[in-house]
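Working notes, structure below.
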Amino acid sequence: MTNNKFECKHCMELLFGKKFILQDTEAYCIPCYEQLFSNTCEECKRPIACDSKDLSYKERHWHEDCFKCGKCNRSLVEKPFAAKDETLLCTDCYSNAYSSKCFQCKKTIMPGCRKLELEGNEWHETCFICQSCQKPLGTEPLVTKENKRYCVPCFERKFAPRCNACKKPITTGGLIYRERPWHRECFLCNGCKKQLFGEKFVCKDDRPYCRDCYTDLFADKCDSCNKPIADPEGPSYISFQERQWHSDCFKCRKCNVSLVDKPFMTQQKDILCRVCGSKRV
């Protein structure tokens with residue numbers, strides 16, 4: 001100590017028999033020390049005396065009694081807190097004012113609690129459940145319908161259309177035929193059972209058939225060659241009095257000339273051109 005007279009560095013008052021504080025090897029009386037070096041309380045703006053506890057946070061200081069929540073005024077001494085715009089807040093006040101609310105229960109999601117997010121909304125982990133079976137969804141696959149969440153089994157059970165063939169839910173893909181849903185793999189020819197998705201087919205008695213099966217089972221036979229007329233809705237056939245012919249087979253029975261778009265005559269079951277039909281036998 002450089003002060004041989006043992007006096008206050010600031011006011012020069014002798015310090016024998018008095019309380020003093022050393023600062024950088026120099027002695028100061030209590031009033032001078034508080035005047036020169038004490039921190040100012042952030043709350044009451046008064047100096048924090050030597051015999052008071054100095055609580056600090058980010059280079060700011062408070063008396064112990066002044067270290068309180070800026071909203072509810074509860075003491076923050078030895079308690080968790082948060083800061084918002086330079087104001088200290090207890091965790092309850094901070095959460096109520098600034099933490100997100102659970103989309104399900106509408107209560108605050110407290111800091112440190114696990115939360116789940118979906119489409120811009122947040123949930124407590126325990127509130128993020130299937131609306132049907134009430135089981136937690138966590139990170140499991142889910143389906144959203146009308147702002148409600150369902151696990152995949154519950155959604156399929158409640159909402160998914162059922163295949164007209166196997167009666168099981170259709171969850172992806174599928175097709176609609178005559179206002180009825182089908183799995184693609186279940187939409188089969190009623191004859192040979194091959195898949196018809198993406199293929200041409202013909203319906204008979206409300207049942208689908210591939211073109212080959214329909215032709216074999218139901219197509220009219222040509223009155224001339226007795227082979228099936230493959231496309232009963234196509235333009236390449238001739239029909240007369242419940243009899244049908246391929247266009248290429250519609251010929252005069254005697255001279256073999258084509259009768260397509262030409263006048264003709266019938267003689268018993270034969271069709272004849274006018275020339276052959278006019279000849280006497």
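The values are calculated or read from the model by the stated rules, or taken from the named source; none is laboratory data. Bear in mind the structure is a predicted one, so any value in this text is a computation, not a measurement. Cβ coordinates were reconstructed from backbone atoms using ideal geometry, including for glycine residues, and neighbour counts include every protein chain displayed.
Do we find a residue being surrounded by 14 or more Cβ atoms within 10 Å (Cβ to Cβ), out of contact with any Lys or Arg (no Cβ under 9 Å at 6 or more places or on another chain) and basic (Lys, Arg) anywhere in segment 182-199?
yes
Look through segment 1-49, keep the residues that are among the acidic types (Asp, Glu), surrounded by fewer than 17 Cβ atoms within 10 Å (Cβ to Cβ) and assigned to a loop (DSSP other than H, G, I, E, B), and return whichever of them is modelled with the highest pLDDT.
Filtering first and then ranking leaves GLU43.
Where residues in segment 124-181 are of a type in the set (Asp, Glu) and within 30 Å of CYS203 (Cβ to Cβ), which of them is surrounded by the fewest Cβ atoms within 10 Å (Cβ to Cβ)?
Ranking the qualifying residues of segment 124-181, first place goes to GLU179.
Pick from segment 57-70 the residues that are in a loop (DSSP other than H, G, I, E, B) and either over 42 Å from the mean Cα position of the chain (by Cα) or among the hydroxyl-bearing types (Ser, Thr, Tyr) (or both): which of them is modelled with the lowest pLDDT?
GLU59
Consider segment 71-106. How many of its residues are in contact (Cβ under 8 Å) with a residue 12 or more places away in the chain, within 30 Å of ASN147 (Cα to Cα) and not in a helix (DSSP H, G or I)?
Total meeting the criteria: 7.
What's the number of the only condition in (1) of a type in the set (A, V, I, L, M); (2) more than 36 Å from the chain's Cα centre (by Cα); (3) modelled with pLDDT under 85 that VAL77 fails to meet?
Here VAL77 meets the rest and fails (3).
From the list THR139, THR171, exactly one residue is in a loop (DSSP other than H, G, I, E, B) and within 22 Å of ARG114 (Cβ to Cβ). Which is it?
The unique qualifying residue is THR139.
Within segment 89-99, track down each residue that is among the hydrophobic types (A, V, I, L, M, F, W, C), out of contact with any helix residue (DSSP H, G or I) (no Cβ under 9 Å at 6 or more places or on another chain) and at pLDDT 80 or above.
Result: CYS90, CYS93.
Only one of CYS210, CYS192 is modelled with pLDDT of 90 or more and in contact with a helix residue (DSSP H, G or I) (Cβ under 6 Å, 6 or more places away or on another chain); which?
Answer to the check: CYS192.
Looking at CYS222, CYS210 in this structure, which one is surrounded by 12 or more Cβ atoms within 10 Å (Cβ to Cβ) and under 39 Å from the mean Cα position of the chain (by Cα)?
Residue meeting the stated conditions: CYS210.
Sort through LYS79, LYS18 and tell me the only one that's out of contact with any Ser or Thr (no Cβ under 6 Å at 6 or more places or on another chain) and either more than 30 Å from GLU117 (Cβ to Cβ) or among the hydrophobic types (A, V, I, L, M, F, W, C) (or both). Quick ask: steps written out before the conclusion?
On the way: LYS79 fails: either more than 30 Å from GLU117 (Cβ to Cβ) or among the hydrophobic types (A, V, I, L, M, F, W, C) (or both).
Only one candidate qualifies: LYS18.
Here's a check for you: in segment 1-54, which residue that is among the polar types (S, T, N, Q) and over 24 Å from LEU76 (Cβ atoms) is farthest from the chain's Cα centre (by Cα)?
Restricting attention to segment 1-54, the residues satisfying the condition of being among the polar types (S, T, N, Q) are 2-4, 23, 25, 35, 38-40, 52.
Pick out the ones that are also over 24 Å from LEU76 (Cβ atoms) and you get 2-4, 23, 25, 35.
Working: THR2: 76, ASN3: 78, ASN4: 81, GLN23: 65, THR25: 69, GLN35: 64 Å.
It comes out as ASN4.
I'd like to check something: does segment 158-165 contain any residue that is assigned to a helix (DSSP H, G or I), at pLDDT below 85 and closer than 30 Å to ASN121 by Cβ?
Checked against the condition, which is being assigned to a helix (DSSP H, G or I), at pLDDT below 85 and closer than 30 Å to ASN121 by Cβ, segment 158-165 yields at least one hit.
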